[in-house]
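Visitor: For reference, the structure I am asking about is given below.
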Amino acid sequence: MIPTSESMGIVDTSRVFIQPVWRDIHGISVDMLRLDLVHPVVSGNKWFKLTGHLSEAHRQGADTIVTFGGAYSNHLIATACAAFHANMKSIGFVRGLTPGSPRTQTLLDCASYGMHLVGLSRADYRRKEDIAHIRMFSQIGPDAYFVPEGGGGALGQSGAGRIVDYIPPEYTHIAVAVGSGTTLMGLLQRLPAGVAILAFLPMKNGRYLEQQIAPLVPPQHAIEWFDTWHFGGFGKCQPALVQFMNAMFRQHQLPLDFVYTAKMMFGLNELVQQKVFPPGSRMLAIHTGGLQGNVSIAAQLCY
Ligand SMILES: *Cc1c(COP(=O)(O)O)cnc(C)c1O
């Protein structure tokens, strides 16, 4: 058997459960799939996207995992933590990081897992798909396995598709927050065609993602895109969002992250209140994790 992070005891998928959130609001129920609970750092969708990559790295006999992300990236720290527990070295290329720039808590934690952090100018970062270029100028050896930004690629998508194993058939709508779209694409590979997908974009002008992803969506699937609830842009938050997060925690013991899941749930709540969906709809929102990031963002923006 190929040792996975799970068999090595990094994550615990038996902790995943479906939490009722809102009951009978205009005849609609909303539940949340608590994927955040698999691990505090290798959490939510990040673990699912990494599984296939880690197995493949192991199959290739790689001793180093290389990946890419921004200074707040949940993917970067999930990779650092998973590599640490798998006894592999890790290298993280960080967009826009310069020697003088202050380190976010996410980056400090990446380093504490032994990840070697290398700043890339925004121009070089745009060439990150050019692995030969990256290998050459950073002198990375042949025994390194490259995970695409955001844990994407075919293996990232098929790993994310395994989330569907945790989704019972009674749901009519699945809500998910979109970053790279890898999780969304993975869900589409496995969800029955009749299930509607509600895709929440947490960035300003996020519709470019819809343009990129929509042509790849199998025609039998219906996706509805929502870009209203970005709260000032990707990684930005506003007092109304913090109030909502606090209320969700107090009323439902439901911790949400600023960047993705809080914005999605805020939007979903408004849509349900506005009677956008037919009565009888049963909604499952996916908690994609990311709670570690709250520390960095709270420190910077909300106090
Ligand atoms: C990374 C992340 C996403 C976005 O996932 P993609 O597969 O890149 O679309 C959503 N939610 C959380 C909490 C994340 O950390």
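The values are calculated or read from the model by the stated rules, or taken from the named source; none is laboratory data. Only a predicted model underlies this, so the values are computations on that prediction, with no experimental measurement involved. Please note: Cβ atoms are built from the backbone with ideal geometry, for glycine as well, and neighbour counts cover all protein chains shown.
Visitor: With the structure loaded, tell me whether V164 is of a type outside the set (F, W, Y), modelled with pLDDT of 95 or more and surrounded by fewer than 19 Cβ atoms within 10 Å (Cβ to Cβ) or whether it fails that test. Write out each step before concluding.
Guide: Details: of a type outside the set (F, W, Y): yes; modelled with pLDDT of 95 or more: yes; surrounded by fewer than 19 Cβ atoms within 10 Å (Cβ to Cβ): yes.
Criteria met by V164.
Visitor: Something else about it: Take the residues in the stretch 249-261 that are in contact (Cβ under 8 Å) with a residue 24 or more places away in the chain and not in a loop (DSSP other than H, G, I, E, B); name whichever of them is nearest to the ligand (Cβ to nearest atom). Quick ask: steps written out before the conclusion?
Guide: First, the residues of the stretch 249-261 that are in contact (Cβ under 8 Å) with a residue 24 or more places away in the chain: 252, 254-261.
If we keep only those that are not in a loop (DSSP other than H, G, I, E, B) too, we end up with 252, 261.
Details: H252: 17, T261: 6 Å.
In this case the residue turns out to be T261.
The rows are residues; the columns are (1) surrounded by 20 or more Cβ atoms within 10 Å (Cβ to Cβ); (2) more than 20 Å from D31 (Cβ to Cβ); (3) of a type in the set (G, A, S); (4) in contact with a Pro (Cβ under 9 Å, 6 or more places away or on another chain).
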| site | (1), (2), (3), (4) |
| --- | --- |
| A177 | yes, no, yes, yes |
| L184 | yes, no, no, no |
| L198 | yes, no, no, no |
| P202 | yes, yes, no, no |
| H221 | no, yes, no, no |
| M245 | yes, no, no, yes |
| Q251 | no, no, no, no |
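Visitor: Would you mind telling me which numbered condition in (1) under 21 Å from the mean Cα position of the chain (by Cα); (2) surrounded by 15 or more Cβ atoms within 10 Å (Cβ to Cβ); (3) not polar (S, T, N, Q) V276 fails?
Guide: So V276 meets the others, but not (1).
Visitor: Which residues, counting only those in the stretch 55-98, are away from the ligand (no atom under 16 Å from the Cβ) and surrounded by 24 or more Cβ atoms within 10 Å (Cβ to Cβ)? Outline the logic, then answer.
Guide: First, pick out the residues of the stretch 55-98 that are away from the ligand (no atom under 16 Å from the Cβ): 55-66, 83-91, 93, 96-98.
Those that are away from the ligand (no atom under 16 Å from the Cβ) and surrounded by 24 or more Cβ atoms within 10 Å (Cβ to Cβ): A57, I65, V66, A83, S90.
One line per residue, one yes/no per condition, for (1) at pLDDT 95 or above; (2) aliphatic (A, V, I, L, M):
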residue	(1), (2)
L155	yes, yes
A160	yes, yes
V178	yes, yes
A193	no, yes
A196	yes, yes
L201	yes, yes
L216	no, yes
C237	no, no
A247	yes, yes
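Visitor: Still on this structure: Going through the stretch 274-302 one residue at a time, which ones are within 16 Å of the ligand (Cβ to nearest atom) and either farther than 21 Å from D36 by Cβ or modelled with pLDDT under 90 (or both)? Let's see the steps before the verdict.
Guide: From the stretch 274-302, those within 16 Å of the ligand (Cβ to nearest atom) are 284-298; that's our starting set.
Answer for the stretch 274-302, where residues must be within 16 Å of the ligand (Cβ to nearest atom) and either farther than 21 Å from D36 by Cβ or modelled with pLDDT under 90 (or both): Q292, G293, N294, V295, S296, I297, A298.
Visitor: Across the stretch 174-186, which residue is farthest from the ligand (Cβ to nearest atom) among those that are closer than 11 Å to I286 by Cα and touching a residue at least 40 places away in the same chain (Cβ under 8 Å)?
Guide: Top of the filtered list is I174.
Visitor: The conditions are (1) of a type outside the set (A, V, I, L, M, F, W, C); (2) in contact with a Lys or Arg (Cβ under 7 Å, 6 or more places away or on another chain); (3) more than 21 Å from E149 (Cβ to Cβ), and G96 fails exactly one of them. Which is it?
Guide: Result: G96 fails condition (3) only.
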